[in-house]
1. Determine if region 98-119 includes at least one residue that is assigned to a helix (DSSP H, G or I) and farther than 22 Å from L181 by Cβ.
2. Condition first: among the small types (G, A, S) and surrounded by fewer than 18 Cβ atoms within 10 Å (Cβ to Cβ). Now tell me which residues in region 25-48 satisfy that.
3. Can you tell me which of (1) in contact with an Asp or Glu (Cβ under 6 Å, 6 or more places away or on another chain); (2) modelled with pLDDT of 90 or more; (3) closer than 21 Å to A121 by Cβ is the one L21 doesn't meet?
4. Please determine, by comparing only the residues of region 65-88 that are among the β-branched types (V, I, T) and at pLDDT 85 or above, which one is farthest from the chain's Cα centre (by Cα).
5. Pull out all pairs, ordered by first then second residue, where Cβ-Cβ is under 6 Å, the residues are six or more apart or on different chains, the first lies in region 145-158 and is in contact (Cβ under 8 Å) with a residue 60 or more places away in the chain, and the second is outside any loop (DSSP other than H, G, I, E, B).
6. Please enumerate the residues belonging to region 31-58 that are under 19 Å from Q69 (Cβ atoms) and assigned to a loop (DSSP other than H, G, I, E, B).
7. Are any of the residues in region 220-231 in a helix (DSSP H, G or I), exposed (fewer than 13 other Cβ atoms within 10 Å of the Cβ) and modelled with pLDDT under 95?
8. What number of residues within region 133-178 are exposed (fewer than 15 other Cβ atoms within 10 Å of the Cβ), of a type outside the set (D, E) and within 24 Å of P9 (Cβ to Cβ)?
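The values are calculated or read from the model by the stated rules, or taken from the named source; none is laboratory data. Fair warning: this is a prediction, and the values are worked out from it, not measured in the lab. Virtual Cβ from ideal backbone geometry, glycine too; neighbours counted across all protein chains shown.
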Amino acid sequence: MSNCADSRPKVLVIEDEETLLFTLKHNLKREGYNVFAAARGDDGLRLAREQHPDLIVLDLMLPGIDGMQLCRLLRRDTDVPIIMVTALGGEGDRVAGLDCGADDYVAKPFGMRELMARIRALLRRSGARTTPDAGPPVVTSGDLELDRERREVRLDGIPMKMKPKEMDLLLFFAQHRGRVLSREQILDEVWGYDFYGGPRTVDVHVRWIRQKIEADAAHPTRLRTVRGSGYLFEG
């Protein structure tokens with residue numbers, strides 16, 4: 001990973017479809033990545049050599065240099081993880097994409113949650129930092145203590161009963177203290193992208209947690225709702 005001052009993982013998106021490029025950039029930035037983008041293969045090659053990204057999302061059909069050729073060129077210089085994205089979903093196309101050096105292959109149309117999960121998985125395997133540091137073993141918020149190592153929540157020093165998923169969710173909020181988290185992001189990280197439930201699942205678990213950690217669950221001060229965005233654990 002680059003030694004630049006910005007410690008966020010760098011993701012380079014090379015995609016010539018304008019609407020999809022905008023959507024990918026928006027979602028990647030929302031996930032906290034440092035995003036670079038190109039709509040042509042030759043521009044993508046230049047950016048890859050200049051910015052040294054931690055991961056590349058690469059479209060197969062590109063002007064300038066097509067995705068297959070670009071993938072081969074990149075593999076001469078770097079082992080950066082590459083996810084190939086294309087409307088060609090046949091087995092032969094997938095095999096060709098992987099044979100040219102891609103690490104993963106996603107056929108259009110694809111779910112954004114699944115793509116983000118694949119990106120995180122590849123970054124973890126490559127050693128790039130994908131999430132903020134877990135932080136101290138015990139997180140305190142007034143009379144509330146979250147013990148990460150013991151997986152225990154204490155209020156006024158008294159341990160509280162928490163369901164396993166409530167604990168997972170609360171620890172995830174504590175790990176991202178001070179950061180607004182969307183329901184989709186929470187579902188991906190805490191339940192997994194292949195979970196078939198919807199955002200309502202997050203809302204229900206947040207309500208349960210508030211009933212245990214807030215003085216007034218109807219007017220929360222620790223785990224707040226950010227209208228139109230998601231949830232924020234301030235502590």
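1. yes
2. Those that are among the small types (G, A, S) and surrounded by fewer than 18 Cβ atoms within 10 Å (Cβ to Cβ): G32, A39.
3. (3)
4. By that ranking, first place goes to I65.
5. V153/L146; V153/M160
6. Hits for region 31-58 are A39, R40, P53.
7. Checked against the condition, which is being in a helix (DSSP H, G or I), exposed (fewer than 13 other Cβ atoms within 10 Å of the Cβ) and modelled with pLDDT under 95, region 220-231 yields no hits at all.
8. Matching residues across region 133-178 total 4.
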